[in-house]
Amino acid sequence: MQRITDVSSSEWRWVIIFSGLLVAITLLPYAWAFASDTPNNDWQFMGMLANPQDGATYLAKIGEGARGQWLFTLAHTPEPSEGAALNMFYIVLGHISHLIGFSASLTYHLARVATGFAMYITLYHLGATIWRRLRARRLFFGLIAVGSGLGWLVALFAPSLHPSDLYVPESIPFYSAFTNPHFPFSIALVALLASMFIVVFRPGYSDTPTFTNGGPTVAVISVVLAFAQPQAWLPIAVTLTAYLLIQTLRQRKLPPTYEIQWVGLVILPALPVLLYDLAVINTDPLFKAWNAQNITPSGSALNYVFGFGLLLLVAIPGLIRAVRHFERDGDQLMLVWLVTNALLLYAPFNLQRRLVIGMVIPLVYFAVRSLEDYWFYRISPKWRDAFLVALFVFIVPSNVFALLVPLVGIANPAAGLQNNQLVSADYSQAIVWLHDNTTSDSVVLAPPNISLWIPAYTPARVVYGHPYETVDAAQKLIEVQDWYRGTCGELLSKYHVQFVVIGTFPTVSGTTFRDLDLLSQSACIKPLGTPLKTFGSVTIYAARS
């Protein structure tokens, strides 16, 4: 593909510095959280601030790769699995972790920094592909890099709503970079594809894809995206397909061959990956059950309206203009993308909310078009800077909330223990012991909040550890809670448990077992015999199943 951007060295230097600062900001809360761990503390930070429940599963996947596995298995469930080529981003990250000799947690955060930085660079590249004017490029980059919605305001006045900028990290680039590495990685790949098709669909472009103009690059990006985040591949793939269909209907003939070939490079190479995913979740009993309970609905449309907030409001004139004129140079593709993506958020699909990833790109595109072509002509030049400052003042706070709210669990350890950011020091030592004394065939029974972290830091599986990644999670949670309350049943033999962890812990319902001696007299504990190891208030037994 011909050179599509013209960015000076000084411009790239500015982008690199600004991107580096944004990534560094996402490190500050973690620096404070890790620094809060001291030998005198009776708790341990487990390495995840944002969404620790899912973060623990990412560390478990990295651990699988680090142990040489190339297939993903469900570590948070006791049933053994043959594995499948799903969640490959973290499996590959695990192999990298083993190669460089870093822990899963360190590798995870280094990947988060690297992918966040790459995301910002590719987003600026996209802006430079669309606009020649420096002001428009910087507006696009500024709005998309630090912008969010009005969730911070909604949280104060309408807490029953769940605006996407506070509850759906993948909807906002900055929040994505703070939350995990695979969201910014996916946004970066989507931005690269968008950069290429902005050029392909421009008037005057007619090159067919070849090895020298970027054809293989499109195919590789598409396949990698399908492996890393299929939910990010789907909206851009459907958008490109819809674009060709609309052109066919408008012109009453097929689009040019070169456009079909370029779009084909996105669709066809990735289709086997998607078909494989569908085959796995429909034929493998474990993965079928896992997929059936893995539901993330969109909820009210107001969640997205407030989640994009002023960005959406500012974009309205540009959207109206695009509908009226439907111009080929950018507007057509971005409008089709935005509308298609909005519809997909309510498609009959169990992961609706995940499809929002990348949707902010066309939205910010229209916000910049509106600023350049509408708002700046209606706002006096002397007030433009004040207008932009006010705009940023309102679109940044949700990102600040995203950074600071998780720190409540560090400042207040009781909250951190409750929301799974922390475990007690005794349990932390027990997890270290399990790391050294278990294998991938070992099954551990532990309290639910501790079982979340056992697969993250050990090779062992657990009876119940996660509401989505434990097969038949609701039933197993009840069984585990009943066992710890003294209703033993056949749980140990049913799930081939090898190790049992007993200690003082808060249950999901909030009840606390404070008297370990009393608990140890329960009918379920007595048959276990002599403990294998004791760490303060936490005891590990060998199960006699």
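Reachable lysines from Lys526, Cα under 19 Å, same-chain residues fewer than 8 places away excluded?
Correct list for Lys526: Lys494.
Specify the angular offset, from 0 to 90 degrees and rounded to the nearest 10, of the alpha carbon long axis of helix 9-35 from the longest principal axis of the alpha carbons in the chain.
Around 20 degrees separate the two axes.
Angle check, please: helix 104-130 long axis (alpha carbons) against the longest principal axis of the chain (alpha carbons), in degrees 0 to 90, nearest 10.
For 104-130 against the chain, the angle is about 10 degrees.
With everything on Cα atoms, drop me the angle between helix 360-370 and the longest principal axis of the chain, reported from 0 to 90° to the nearest 10.
That helix lies at roughly 30 degrees to the long axis.
Which number comes out as Rg/Rh for the chain once both Rg and the Kirkwood Rh are worked out on C-alpha atoms?
1.01
Please list 274-287, 67-80, 139-152 highest first by mean number of surrounding beta-carbon atoms within 10 Å per residue.
139-152, 67-80, 274-287
In what sequence, highest mean first, do 96-105, 201-210, 390-399, 419-428 appear when ranked by Cβ atoms within 10 angstrom?
419-428, 390-399, 96-105, 201-210
Could you please state, rounded to a whole Å, how far the C-alpha centre of the stretch 1-75 is from the C-alpha centre of the stretch 297-315?
27
Determine by what factor the alpha-carbon radius of gyration of the stretch 1-95 differs from 2.2 N^0.38 Å, reporting the quotient.
Against the compact-globule rule of thumb, the ratio is 1.58.
Within 10 Å, count the other beta carbons around each residue, average over each peptide in 472-484, 116-128, 175-187, and list them highest first.
Going from most to least packed, we get 175-187, 116-128, 472-484.
Compute the separation of the alpha-carbon centres of the stretch 177-228 and the stretch 446-480 and state it in Å as a whole number.
If you average the Cα positions of each part, the centres end up 38 Å apart.
Sum up the charges of everything whose Cβ sits under 15 Å from the Cβ of Leu265, counting Lys and Arg as +1 and Asp and Glu as -1, but leave Leu265 out.
-2
Around Pro413, under 15 Å between beta carbons, what's the net of Lys plus Arg minus Asp minus Glu among the other residues?
After counting each charged neighbour, the total is -3.
FYI, it's all coordinate maths here, none of it is from the lab. Computed from a predicted model, the values in this text were never measured in an experiment. Cβ atoms come from the backbone with ideal geometry, glycine included; neighbour counts cover every protein chain shown.
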